[in-house]
Amino acid sequence: MSERFRVAILGASGYTGAELVRLLALHPRMRVTALSADRKAGQTLAEAFPHLAHLDLPAMVKIEDIDFSAVDMVFCCLPHATTQEVLKGLPPQVKIVDLSADFRLEDPAAYEEWYGHPHQALELQKEAVYGLPEFYREKIRTARLTANTGCYVATALIPLVPILKAGAASPDDIVIDAKSGVSGAGRALREGSLFTEVSEGFSAYGVGKHRHMAEIDQELTKAVGREVVASFTPHLLPQNRGILATIYLKGEAGAVHAALSAAYKDEFFIHVLPMGQIPQTRHVRGSNFVKIGVAPDRLPGRCIVVSVLDNLVKGSSGQALQNANLMLGLPESMGLEQAPLFP
């Protein structure tokens, strides 16, 4: 067995941190050597997540108590707007995958507009690579800092970018109707995430102005070469995991399906279903896979694309591990080949 890379997870007491630990437990070339938490510093991860009690893990500590000279890769799972100051203080030899939104937007002015404050690590922002490996694989291989995508954003961009690049659909009048399980809101106690607030209900939020819109617009604009502004509305589903995006396009279904099939014929994690078949979130639960279906709309010249992924895996921690594999020169799918959980 080759030497294993030493991994630190910052913010290990949240859902994305725990999901990384679950995935890394069977990774043959990485081992967790440091875990940080704020309020739970001094506790074991087993106390925060009993389902991981069988693993031999270090106790959670404050970030300042981690010896980063003994770390090769950092996964940063800290809340948005708390990451910039932390990451710019890390030693230059440490590679980083940031799961927050702090380095996803390339334009500092756009970041300030959408997040309400100036960026605090502009020099580090300049070297960040957007973390969608299916589109930026070669840049990620040589990156020091990769900015993991948002979960809603990945569900939308994975089908839309190749469709628009192929000219199979119009970049105008794109409607993205997306739904996520409650784990996408994180583990912090919020009234809107309580069982009695979510169960037996279905609701839209961030209507008309959700922060993920900035990422979607940024990447679709780059794909087309001119400004693209899509309509996007997120919804909260009464389930733990999964995102389903229903995308409405001006384009012939056959051409859209052909563009997706050609783009992803050699991609391990992206599966384009036969024409007319529609995926469900249960088909990807617990896995790093994405499934995409295409169907013609009843309106002439329009089609419907349905994309599903697990928001905690391909939407966050799994994609982070996929990026880290590339950055460390490892096979991209290493530690991520688990089949979906069903039922």
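Taking the Cα centre of the stretch 10-54 as reference, the dipole from Cβ charges on Lys and Arg (+1) and Asp and Glu (-1) amounts to some 140 debye. Modelled spin-label separation between PHE202 and LEU122, with each label point placed 7 Å from Cα along the Cα-to-Cβ direction: 4.6 nm. Rounded to the nearest Hz, the phi-derived 3J(HN,Hα) couplings of the stretch 87-100 under the Karplus curve 6.51 cos²θ - 1.76 cosθ + 1.60 (θ = phi - 60°) are 6, 6, x, 7, x, x, 7, 7, 8, 9, 10, 9, 8, 7, where x marks glycine and proline.
Can you give the accessible area per residue of the stretch 1-95, in Å², using a 1.4 Å probe? Please report the intermediate quantities before stating the final value.
Numbers: 4610 Å² over 95 residues.
With the other protein chains kept in place, the stretch 1-95 gives 48 Å² per residue.
Considering only Cα atoms, the convex hull volume of the chain works out to 141 Å³ per residue.
Rounded to the nearest 20, the Cβ-based charge dipole of the chain about its Cα centre (Lys and Arg +1, Asp and Glu -1) stands at 620 debye. All distinct Cα pairs of the stretch 1-147 go into the 1/r average, and the inverse of that average, the Kirkwood radius, is 15.9 Å.
Expressed as a whole percent, the proportion of Cα-Cα pairs in the stretch 77-159 lying more than 17 Å apart is 44%. Amide H contacts under 5 Å for ALA81: ALA101, ASP102, restricted to partners 5 or more places along the chain or on a different chain, H placed in the peptide plane at 1.01 Å from N.
If exposed GluC sites (Glu not before Pro) are those in a DSSP loop with at most 12 other Cβ within 10 Å, what is the longest stretch of the chain that has none?
Values: sites that count: GLU3, GLU200, GLU227.
The answer is 4-199.
Selection among SER287, LEU249, PRO274 by position relative to the dipole of the chain gives PRO274 as farthest towards the positive end (Cβ unit charges, Cα centre). Protein heavy-atom surface of the chain, 1.4 angstrom probe: 53% of the accessible area is carbon and sulfur, with nucleic acids and ligands not counted.
Can you pull the Rg over Rh of the stretch 248-302, Cα-only, Kirkwood? Let's see the in-between values first.
Numbers: Rg = 12.0 Å, Rh = 12.0 Å.
Result: Rg/Rh = 1.00.
Taking amide H positions as modeled 1.01 Å from N, with prolines and chain starts lacking one, the residues under 5 Å from VAL129 and 5 or more places away or on another chain are LEU145, THR146, ALA147.
In a DSSP loop and with at most 12 other Cβ atoms within 10 Å, the trypsin sites (Lys or Arg not before Pro) in the stretch 52-118 are LYS62. Of all DSSP-defined beta bridges confined to the chain, some 40% are antiparallel rather than parallel. Using C-alpha pairs under 8 Å with a sequence gap of at least 6, the mean separation divided by the residue count of the stretch 172-258 gives a relative contact order of 54 percent.
Is it possible to state the helix-based mean residue ellipticity at 222 nm for the chain, with each DSSP H run of 4+ residues giving -39500 (n - 2.57), the sum divided by total residues, to the nearest 500 deg cm²/dmol? What is it? Mind dumping the intermediate values first?
On the way: 11 runs with 96 residues, N = 343.
My calculation for the chain gives -8000 deg cm²/dmol from helical runs alone.
The values are calculated or read from the model by the stated rules, or taken from the named source; none is laboratory data. In this text, all values refer to a predicted model and were calculated from it rather than measured experimentally. Ideal geometry is used to build each Cβ from the backbone, glycine not excepted, and the neighbour counts take in all protein chains shown. Ligands, DNA and RNA are excluded from the accessible area calculation, which covers all protein heavy atoms including side chains. Shrake-Rupley method; radii C 1.70, N 1.55, O 1.52, S 1.80 Å.
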